[in-house]
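Report on the following structure.
All of the numbers you see were taken from the coordinates with simple rules; none came from a lab. Keep in mind that this is a model prediction, so the values were computed, not measured. Here Cβ is always computed from backbone atoms with ideal geometry, including for glycine, and neighbour counts include all displayed protein chains.
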Amino acid sequence: MSTTPPPALIAPSILSADFARLAEEAARVEGHADWLHVDVMDNHFVPNLTLGLPVVEALLRVSPVPIDCHLMIDDPDRWAPSYAEAGAQSVTFHVEAASDPQALARTLRAAGARAGMALKPGTPWAPYEDLLPELDMVLVMTVEPGFGGQSFMADQLPKVRAVRESVRAAGGEVWVQVDGGVSVTTIEQCAEAGADVFVAGSAVYGAEDAAAAIGHLRALAAEHRHR
Ligand code: DX5
Ligand code: ZN
């Protein structure tokens with residue numbers, strides 16, 4: 001069974017934005033970005049600390065762009081539902097950190113969010129394939145989570161292909177997201193491998209013209225997608 005692919009979605013990561021001006025930085029990508037990707041880090045699951053629920057709630061009040069929360073935190077079973085309840089359109093937890101991924105994905109959906117599940121570079125897809133019906137998105141990390149501006153790991157592309165193949169076989173509407181080192185030099189490979197949602201931090205917020213950078217990324221992704 002085949003389904004119509006969604007258009008390529010571009011999700012600038014606020015991690016590379018100016019944290020003293022989050023409202024302006026969200027507005028800077030209005031009308032261009034599909035999602036604003038917000039990296040929540042707790043200094044336990046990853047060796048970095050960014051922001052948490054109060055800041056996400058504040059951003060939700062002002063952001064003209066729907067919010068995609070990427071939770072790099074321990075115990076998402078306990079913490080992730082609040083981000084969905086607060087109004088994030090998509091909430092992604094790391095499967096390595098979750099004690100009951102199935103129950104968590106169901107809770108996120110029940111709270112009105114799209115449920116996403118992330119895989120670190122060292123985490124294989126096959127053991128989690130059965131969770132597909134519970135998910136709206138699978139995030140394949142293309143760097144070790146924790147920091148922006150790292151080099152793209154092309155050795156993760158086979159995993160993107162494997163997830164895409166599972167989605168195709170299941171015939172569902174699950175999106176495949178890539179995050180880490182996505183730029184004009186790497187996005188084509190991601191698109192060819194079957195990604196739908198492209199997170200870009202430094203490639204967008206590090207650019208002088210963020211809107212133009214998004215447009216360039218989107219055009220390259222659209223050109224190289226074939227599903
Ligand atoms: C890294 C974060 C990414 C990060 C990507 O752990 O999950 O979202 O912001 O930044 P770039 O695009 O600069 O690699
Ligand atoms: Zn991220």
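Legend: ranking of residues Thr142, Thr50, Thr92 from fewest to most surrounding C-beta atoms inside 10 Å; resulting order Thr50, Thr142, Thr92.
Computed from the C-beta positions of Ala27 and Asp77, the FRET efficiency with R₀ = 30 Å rounds to 0.35. Max-minus-min Cα coordinates of the chain on each principal axis give 43, 40, 30 Å, with the largest extent listed first.
Restricting to DSSP H runs of at least four residues, report the calculated mean residue ellipticity at 222 nm for the chain, -39500 (n - 2.57) per run over all residues, nearest 500 deg cm²/dmol.
Values: 8 runs with 77 residues, N = 227.
After summing the helix terms and dividing by residue count, I get -10000 deg cm²/dmol.
Short-range pairs are left out: with C-alpha atoms under 8 Å and at least six residues apart, the relative contact order of the stretch 106-227 is 22 percent. Multiplying the residue separation of Ala222 and Gln102 by 0.36 nm and removing their Cα-Cα distance gives an extension gain of 40.0 nm.
Quick check on the exposure proxy: order Asp77, Asp196, Asp34 from fewest to most C-beta atoms within 10 angstrom.
Asp77, Asp34, Asp196
How large is the Rg to Rh ratio of the stretch 111-227 when both quantities use alpha carbon positions and Rh follows Kirkwood? Intermediate values should be presented prior to the final figure.
Details: Rg = 13.9 Å, Rh = 14.5 Å.
Reported Rg/Rh (Cα atoms, Kirkwood Rh): 0.96.
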